[in-house]
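A short write-up of the structure that comes next.
The values are calculated or read from the model by the stated rules, or taken from the named source; none is laboratory data. Computed from a predicted model, the values in this text were never measured in an experiment. In this analysis, Cβ positions are derived from the backbone assuming ideal geometry, glycine residues included, and neighbour counts consider all displayed protein chains.
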Amino acid sequence: MSQNPEPELLARVRNVEKLFTSGKLEVQALRGLSFDVPAGDFLALVGPSGSGKTTMLNLLGALDRPTKGTVEVLGKDLGTLSKGERASLRLSSLGFVFQAYNLVPVLSAAENVEFVLELQGVGAAERRERSLEVLTELGLGELAHRRPNELSGGQQQRVAVARAIAARPRLVLADEPTANLDTESAETLMGMMRDLHEEHGTTFIFSTHDPRVVAHATRVVRLVDGKVASDVHKEREGSRRAVGSEGPNDGAE
Amino acid sequence: MIRSVTTRYALRSLRRNLKRTLLSAIGVAFGVGIGLIAISFVSGQMSMLYDAAARGGVGHLKVAPAGWNESRRTELRLDDFEAQLAAVRAVEGVRLAAPHAGARALLALGTRSVQVTLSGVDPTVEQAALRYVRELDEGDYLANDSELGPRQIVLGRSLVTRLDAEVGDELVVTSVDDEGEIQSALVVLVGVADVHNRQINDGISQVPLAMIEQLTGRPGATDISIVLDSYHDIERVQPRIVEALRSDNEALDMFEVSSEIRAGKAKSDGYTVAMLLVILLVVLMGVMSAQLTSVLERRKEFAVLAALGMRSRNLIAVLLTEGLALGVLSAAFAIAWAGPIVASWAAHGVDMSGLVQGEDTGVAQGSVLMELVFYPEFGLGFFVTAISLAVGATLVASIYPAVFASRTDPASALRVDR
């Protein structure tokens, strides 16, 4: 990936504004955001609460539309796509990891992973095989039959990552994936996400407050008040040093 | 093992709040069970009405001269009566074929007289076909081998009372023949029928066919009433009767012949539809409310599924599957509680005679004498109705919650629940 001088552009964000209205109350979440996401990025969106990280992830994930500006993912202007077309794009090309895991509680770990594959039309045998394969890769092969309430938080989040990557998406969006995890689990999860990124070339964009998570990123986009305050590209090892040198709260409010 | 994860998700979702699912199913089952009992009663009552009408002289089918049904003229006679009767009796599915001929007449005893429409019958067949005269209150029924020949008459109790007659009395019967001449004959009152209903008693005045021929000068019969094993056989047998018809005769079913049966059927259909609508409405409201609550509770989950790429139609399918499963469960509950009740009533009957008060203890619907012990219908139809009602109601009730769920905006649902 790094040897490719001009990697494919996965997402293109231009002059994006997002205004939320609730009765007479108006909240300007994004104020003219612009940045590109080339394939292969392991990008951290950082910033204080209310800076627009989740809103930006929702726009990139085709879950919402901008009030102004354009968000293009895989060459498609999301603002022009219908609800069905956006669902198809999410199913075929995007993966999601949520802060609260959001696994389906009545399904086992394997079934949670299979669910997305079934929506993609993958046959039963292949679904089973692929879900076990990816769960095993994330160290959950033995726990595949367990329901979410029988797993720890870290294990649940790993199942959520398995669910996100099983369908082999081009882009995985993770909203505060480690926020509910202890330090060890968070480190393990980020290590696994990084390995997936390196082995499969999957592009990750994750929002976070956690400087230890930011340390894994190859690029850090810092949002403040709905605007890009900084956009730093770095080598991973170097970035760890750089973040550490700027203090524990950098990028995390 | 269900291979579809989506179906497993739908079925297991019903177990999330088992108490609510069971309460919903019990609610649906209660409504459907009440409906099943009511429908079984109505269909049982209608079966009895049809049977009573068939055995009360109307027949399941009737062969009559063309135009008779519109004019009801007693002077009309069947084309080639003897051959027609033989042909009808030869048709498979025909249990009895009873010929009738009518004549308006005046009956007199001493200074008393009553106007009647005499019904000429074949005594042997009529006794088997017409239940009113199977067990007479007094005397005997008409007999082909009687020494009196055609000079016999059986009357209803109310006519006998008005004439102040007794069994064995000779009555003068007067009618007008084909030439316009007045014809009279002496007939002997051989039996008195009493069905404890004045209206029907007034209509019982039977003589042998030969007496009608003697009084009117017209041979043969006006119609042939055909009794089948069941009214369910009408559609099967009627075409065969049509094939056996003489040119100027026609085959009518009981609904065409009797306005009371027609009205009864329309009333029954209307009642059934109204009952079904009320049940559907009650069940719909209950299930829809429970389903909506369930959908609102899972709003975030649906948002996540939408984020993962689940399309609206997939989500609607999931919730309809839940509705279908709830319907099947409800149908099982409804059958479990209402089935034994209806089965028991169908086997032993429900005696309604205690509800009848007054002089006329014979209950009639129009001119059809009804039985007072009701037998609700219990058969395959009961189970089909239970499943159709329960599944239909829950599926329809699931449509709105399903569409509501499919419209969940993933971004706002996830934002609110963060």
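Yes or no, residue by residue, for (1) small (Gly, Ala, Ser); (2) in a strand (DSSP E or B); (3) over 30 Å from A:Thr21 (Cα atoms):
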position: B:Thr385; (1), (2), (3): no, no, yes
position: B:Ser388; (1), (2), (3): yes, no, yes
position: B:Val391; (1), (2), (3): no, no, yes
position: B:Ala405; (1), (2), (3): yes, no, no
position: B:Thr408; (1), (2), (3): no, no, no
If we ask which residues in the range A:87-125 are assigned to a strand (DSSP E or B) and more than 9 Å from chain B (Cβ to nearest Cβ), their number turns out to be 1
From A:Leu19, A:Leu43, A:Leu10, residue being in contact (Cβ under 8 Å) with a residue 40 or more places away in the chain and under 20 Å from B:Asp409 (Cα atoms): A:Leu19
From the list B:Leu49, B:Leu18, B:Leu14, which residue is in contact (Cβ under 8 Å) with a residue 24 or more places away in the chain and within 14 Å of chain A (Cβ to nearest Cβ)? B:Leu14
A:His145 fails exactly one of the following numbered conditions: (1) touching a Lys or Arg at 6+ places or on another chain (Cβ under 9 Å); (2) part of a loop (DSSP other than H, G, I, E, B); (3) not hydroxyl-bearing (Ser, Thr, Tyr). What is the number of that condition? (1)
Positions within the range A:132-149 being under 16 Å from A:Met192 (Cα atoms) and not hydrophobic (A, V, I, L, M, F, W, C), in sequence order: A:Glu133, A:Thr136, A:Glu137, A:Gly139, A:Gly141
Can you pull out the residues in the range B:263-309 that are among the hydrophobic types (A, V, I, L, M, F, W, C), within 21 Å of B:Thr394 (Cα to Cα) and outside any helix (DSSP H, G or I)? none
Within the range B:342-352, the residues that are touching a Ser or Thr at 6+ places or on another chain (Cβ under 9 Å) and among the β-branched types (Val, Ile, Thr) are B:Val342
Any residue at all in the range A:33-40 that's of a type in the set (Ser, Thr, Tyr) and within 14 Å of chain B (Cβ to nearest Cβ)? no
Mind telling me which of the residues A:Arg158, A:Arg168 ends up being part of a loop (DSSP other than H, G, I, E, B), within 25 Å of A:Asn58 (Cβ to Cβ) and away from every other protein chain (no Cβ under 12 Å)? A:Arg168
Can you tell me which condition B:Ala86 does not meet? The list is (1) touching a helix residue (DSSP H, G or I) at 6+ places or on another chain (Cβ under 7 Å); (2) farther than 25 Å from B:Arg162 by Cα, and all the others hold. (1)
Among the candidates B:Pro401, B:Pro410, B:Pro376, residue that is at negative phi, within 14 Å of chain A (Cβ to nearest Cβ), surrounded by 15 or more Cβ atoms within 10 Å (Cβ to Cβ) and at pLDDT 85 or above: B:Pro410
Helices (runs of 4 or more DSSP H) fully within the range B:1-108 counting 2 or more residues that are surrounded by 15 or more Cβ atoms within 10 Å (Cβ to Cβ) and in contact with an Asp or Glu (Cβ under 8 Å, 6 or more places away or on another chain): B:5-16, B:18-54
Just give me the residues in the range A:50-71 being more than 11 Å from chain B (Cβ to nearest Cβ), outside any loop (DSSP other than H, G, I, E, B) and over 26 Å from A:Gly121 (Cα atoms), in sequence order. A:Lys53, A:Met56, A:Lys68, A:Gly69, A:Thr70, A:Val71
Answer with yes or no whether A:Ser152 is touching a helix residue (DSSP H, G or I) at 6+ places or on another chain (Cβ under 9 Å) and at pLDDT below 90. no
Select, from A:Ser49, A:Ser34, A:Ser82, A:Ser22, the only residue that is surrounded by 14 or more Cβ atoms within 10 Å (Cβ to Cβ) and either at pLDDT below 95 or of a type in the set (Asp, Glu) (or both). A:Ser34
Could you look through the range B:279-311, keep only residues that are hydroxyl-bearing (Ser, Thr, Tyr) and touching a residue at least 24 places away in the same chain (Cβ under 8 Å), and pick out the one that is nearest to the other protein chains (Cβ to nearest Cβ)? B:Ser294
